[in-house]
Amino acid sequence: MTQPPRAGLPRGVLLGLSVLVAVLLVAAAVLTGLRLTHRSNGASGLSSAEQAALSAARQQTINLQTYRLKSFDADFAAALAGLTPAKATQWQANKATLKTRLTQLKQDAGATVSGAGLVSFDGRSAVIVVASDTLRVDAAGKSSTAAQNRSQVTMRLIDGKWLMDDLQSVSVS
């Protein structure tokens, strides 16, 4: 009696394919693990100029939201230093109201940036989206999140320094 011929691939080819699939699965698992454990600020693959604009936008977003009662004038000056002249003039108009409000609440204000990404860049200006949290800190040092902010920031390169020229709230819905 003769056996009918088997349909399919030879045993050696099946073994080779099985080994290849196993190697690919191990490689995928290793790469996934590296990706999940690698901390990134969202700026991988950016040029040094793009990175500088992104870093300046992150810092200026923090500066615009961080004011301590004990060092209010210095904190406000730091915020102004990161703005273009036109934006600094606009922001200056908020100083008295902001200080009065913080004094009434007996709170400091702070901020953290959870993420930022470059939208566009032309060498002299950059548009960046920034996710930040505004924090309120009471006299006992207890902090609470007052707002979760999503902003579109326009940065301009002026005299070798990246300065914030515009800040717009962005809806996340």
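Just so it is clear, none of the values below were taken in a lab; they were calculated from the coordinates. Bear in mind the structure is a predicted one, so any value in this text is a computation, not a measurement.
Using the Cα coordinates of the range 84-132, the gyration tensor eigenvalues translate into equivalent-ellipsoid semi-axes of 29, 18, 5 Å, sorted from longest to shortest.
One chain, two ends: Ala96 and Arg124. Fully extended at 0.36 nm per residue, the span grows by 6.8 nm beyond their Cα-Cα distance. Evaluated on the range 43-124, the Kirkwood hydrodynamic radius is 14.1 Å, with distances taken between all distinct Cα atoms. May I ask for the Rg/Rh ratio of the range 100-173, computed from Cα atoms with Rh as the Kirkwood radius, given to two decimals? Using only Cα positions, Rg/Rh for the range 100-173 is 1.09. Cα centroids of the range 45-105 and the range 122-139: 10 Å apart. For Gln168 and Ala77, the difference between the fully extended length at 0.36 nm per residue and the C-alpha to C-alpha distance is 30.6 nm.
Length gained on full extension, Asp138 to Gln152: 2.2 nm, using 0.36 nm per residue less the C-alpha separation. Applying a threshold of 21 Å to the alpha-carbon distances of Lys70/Lys106; Lys87/Lys161; Lys95/Lys161; Lys70/Lys99; Lys87/Lys142 flags Lys95/Lys161; Lys87/Lys142 as lying beyond it.
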